[in-house]
């Protein structure tokens, strides 16, 4: 069993999901590293090198806003869900719940019946 | 609200998930187009142009085997989970269930407590 193969499929699974999880968490203002820790605590291990480009992209797409806080020991960039992001989040949640139901039903399915329904 | 943005995030969500769903469905021998239909019936819409390269990649990775059937009106390539794929599937299912729990708990979370636990 090739572990790099499983790691790769696992990484691809997480890539899409991290975006939904990050948007949901950023209903509350957080800086990037804080978000990495919260995601890890929740069981979604993400590299900073993976997450930060995703956050910048979500900002470019208008779903997040950001703000530098220079009041502390070092400057930190905080992210927060934008108004547009607040509209998008329930739509993404609903996409997620649909996929979720689909995959769980596939994993639990008796396949013989499905294959014959779809025809040969 | 930008629909192309949501479509893109939705597509990335599906990309990883389709691989797990396809491997699970291919416990039963199916040809590619049949798999597209079964996935669509289960609520996971996938383009043939997206799925077929994924199937070839999963075969290259050793998780699927394939076989041409030339007995019908036209030749069809059938896919089936390999022995290696049978070992990988429960691992991927467990990765999936972990991510699933994590995302569902994030979507349901009271965020104020999480953010303060992770520190500023």
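Any read-out appearing in this document is the output of simple, stated calculations on the displayed coordinates, not a laboratory observation. Here the structure is a predicted model, which means the values were calculated and not measured. Counting neighbours? That spans all protein chains shown, and the Cβs are built from the backbone with ideal geometry, glycine included.
Between the label point of residue A:15 and that of the same position in each other copy, find the distances and list them shortest first in nm, with every label point placed 7 Å from Cα along the Cα-to-C-beta direction.
Label-point distances to the other copies, shortest first: 0.4 nm.
Any idea what the residue B:83 label distances to the other copies are, label 7 Å down the Cα→Cβ vector, nm, shortest first?
Distances between equivalent label points, in nm: 6.2.
Nearest 10 degrees, 0 to 90: what angle lies between the long axis of helix A:48-60 and the longest principal axis of chain A (Cα atoms)?
80
Work out the FRET efficiency for residue A:70 and residue B:97 from their Cβ-Cβ distance, taking R0 = 45 Å, and round it to the nearest 0.05.
0.60
What three numbers, in Å, describe the spread of the alpha carbons of the protein assembly as shown along their principal axes, ordered from the longest?
73, 37, 25
Mind telling me which of B:13, B:23, B:35 comes out most flexible in a GNM of chain B, alpha-carbon contacts under 10 Å?
Maximum among the listed residues: B:13.
Could you give, in nm with one decimal, how far residue A:56 is from each other copy of that position, shortest first, with labels 7 Å out from Cα toward Cβ?
Sorted ascending, the copy-to-copy spacings read 3.2 nm.
So what is the 222 nm mean residue ellipticity for chain A from helices alone, if each DSSP H run of at least 4 adds -39500 (n - 2.57) and you divide by all residues, rounding to the nearest 500 deg cm²/dmol?
-21500 deg cm²/dmol
What is the angle, in °, between the Cα long axis of helix A:83-107 and the longest principal axis of the Cα atoms in chain A? Nearest 10 is fine, range 0 to 90.
Its long axis makes an angle of about 30 degrees.
Between B:56, B:76, B:101, where does the largest GNM mean-square fluctuation fall for chain B, given springs only between Cα atoms within less than 10 Å?
Looking only at B:56, B:76, B:101, the biggest GNM fluctuation is shown by B:101.
What ratio of Cα Rg to 2.2 N^0.38 Å holds for chain A?
Cα Rg divided by the expected 2.2 N^0.38 Å: 1.34.
Over the range A:3-117, calculate the relative contact order: mean separation of alpha carbon pairs under 8 Å at least 6 apart, over the residue count, as a percent.
24
Given the options A:50, A:65, A:109, state which has the largest fluctuation in a GNM of chain A using a 10 Å cut-off (strictly under) for Cα springs.
Per the Cα network of chain A with a 10 Å cutoff, A:109 tops the list.
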